[in-house]
Amino acid sequence: MENQHEIGQILNEVQTISDSYERVAEVTGENFNIFSILQMESDEVATHSRFIAELLNRKGRHGQKDKFLCNFIKLFAVDSNINTAKSQVTVEYHIGKVEIEKGGRIDILIKDDEDNVIMIENKIYAGEQYNQLLRYYNAFPKGKLLYLTLFGDDSSQESSKGIYNNISYENDIITWLEECKKDAVNVPILRETISQYINLLKKLTHQNLNKKMNQDIISRILKDKKSLTAYKTLFDLSKDLKKEIIKDITQKIRIMLERKGFINIETMDIDKDRGRLAQFETPTLNANKLRFVLNFESNNYSNLILGFVNVEPNQAQDSRLLELIKNEFPKAKQSAWWNFYMLYEEYRDWSFTGLSEIYFDNDETFYKDLENKIDRMLAIFESRVEL
């Protein structure tokens, strides 16, 4: 009973701290982020590769010459012989037709006039392609190959062993950007743009934007042994709490799908934090050996995508369907298994913040948006079948 009282006190005080910092954020405009507003958060090429490449480019519009590139090399490629004063930066550098061990497009290539090279393979949510890093390494075997992911993940492919260094957005890129921001201290627009991008990366890597608030909360938890014990109790409940919220959301999704008369409905195994959230079929989808699927591509209920999945392997892809879908959903893509898919931008990451927005929304915005997307996609598919 005493522990329950302490838990209640901590929750109330943490809420008070959080509310005060939220008010400050509203006044200062800290929550305003142009990348988020324009829904550019997860676009690997158009947002992340191009922004990073622009900063690395000595001829970039930032006007800082090779300062940012020098910072980058000191942090991640100190063994590179790149002559920064003679460097060129290219996004999506083409190295030939994709074959087993060569070809493809390198996300960011830094090259000087003596053919010294730094290659950056940039992954936000997309999966690795077959032999991708090996193909890039074979194009420039004496170059420096960096594998950039949100959390510094290792390559999943055996062929990549020993040929790359991994770096993360979570720590490495943010550290580099903080150095760039110092160099841009007297260039307000550039400095604040870098700050906005840092805040975007912190959002994508689940870091609180306000370190001082975090420290205030930590100080409160460490006030005494009872407080720390109470926090430990809350922390131990976090996984079960998340499961309970997702169980409720999943059930509401199923009810919506049943109400619409879909068939062969399946929903998430609540003990898993990756994979299928929900799937269903219609008679027409079934006749064309397709099913509609919502799928978490990454662990911890993240990288949610939706679209039409092929029922059978090696099934022919419908390029015309993708073309029609892209007229309404320009970011739609196709892969070996997916006849078409796209990232669910608005709800891609089910962190506690994202889940609370769904769970406590009395207007049920998520469910209405999901139903609307399903209806639009199925209407396009049905029109395609009728052609």
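Laboratory data are not the source of any read-out in this text; all were calculated from the coordinates shown. Nothing here was measured: the structure is a model prediction, and the numbers come from that model. Glycine also receives a Cβ, built like all others from the backbone with ideal geometry; neighbour counts cover every protein chain displayed.
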message: Among the listed pairs 212/239; 97/161; 123/202; 181/331, which have their C-alpha atoms separated by more than 20 angstrom in this model?
response: 212/239; 97/161; 181/331
- prompt: Once all Cα-Cα distances of the range 173-289 are split into 5 Å bins that start at 0, what whole-number percent is in each one?
  reply: 2, 9, 11, 10, 11, 10, 11, 11, 10, 8, 5, 3, 0
- request: Work out how much length residue 94 to residue 138 would gain on full extension: take 0.36 nm times their residue separation and subtract the Cα-Cα distance, in nm to one decimal.
  value: 14.5 nm
query: Which ³J(HN,Hα) values, rounded to whole Hz and listed in residue order, are derived for the range 117-127 from phi using the Karplus coefficients 6.51, -1.76 and 1.60 in 6.51 cos²θ - 1.76 cosθ + 1.60 with θ = phi - 60°, glycine and proline given as x?
result: 9, 10, 10, 10, 9, 10, 10, 9, 10, 5, x
- request: Grab the DSSP H runs of the chain that are 4 residues or longer, score each as -39,500 (n - 2.57), total them, divide by all residues and round the 222 nm result to the nearest 500 deg cm²/dmol.
  value: -14500 deg cm²/dmol
field: Over the range 228-387: Rg over Rh, Cα atoms, Kirkwood Rh
entry: 1.01
statement: Here, the range 264-330 modelled as identical Cα point scatterers in vacuum has Debye log10 I(q)/I(0) at q = 0.17, 0.22 Å⁻¹ of -0.71, -1.03
message: Using a 7 Å offset from the Cα along the Cα-to-Cβ direction at both residue 38 and residue 102, what is the distance between the two label points in nm, to one decimal?
response: 3.8
task: Work out the P(r) tail for the chain: percent of alpha carbon pairs separated by more than 39 Å, whole number.
output: 29
task: With the Cα gyration tensor of the range 18-122 in hand, give its eigenvalues times 5 under a square root as the equivalent ellipsoid semi-axes, listed largest first in whole angstrom.
output: 33, 19, 12
query: Which of these, 96, 275, 63, has the largest mean-square fluctuation under a Gaussian network model of the chain (Cα springs below 10 Å)?
result: 96
Exposure proxy ranking, count of Cβ atoms within 10 Å, fewest first, for 291, 276, 23: 23, 276, 291
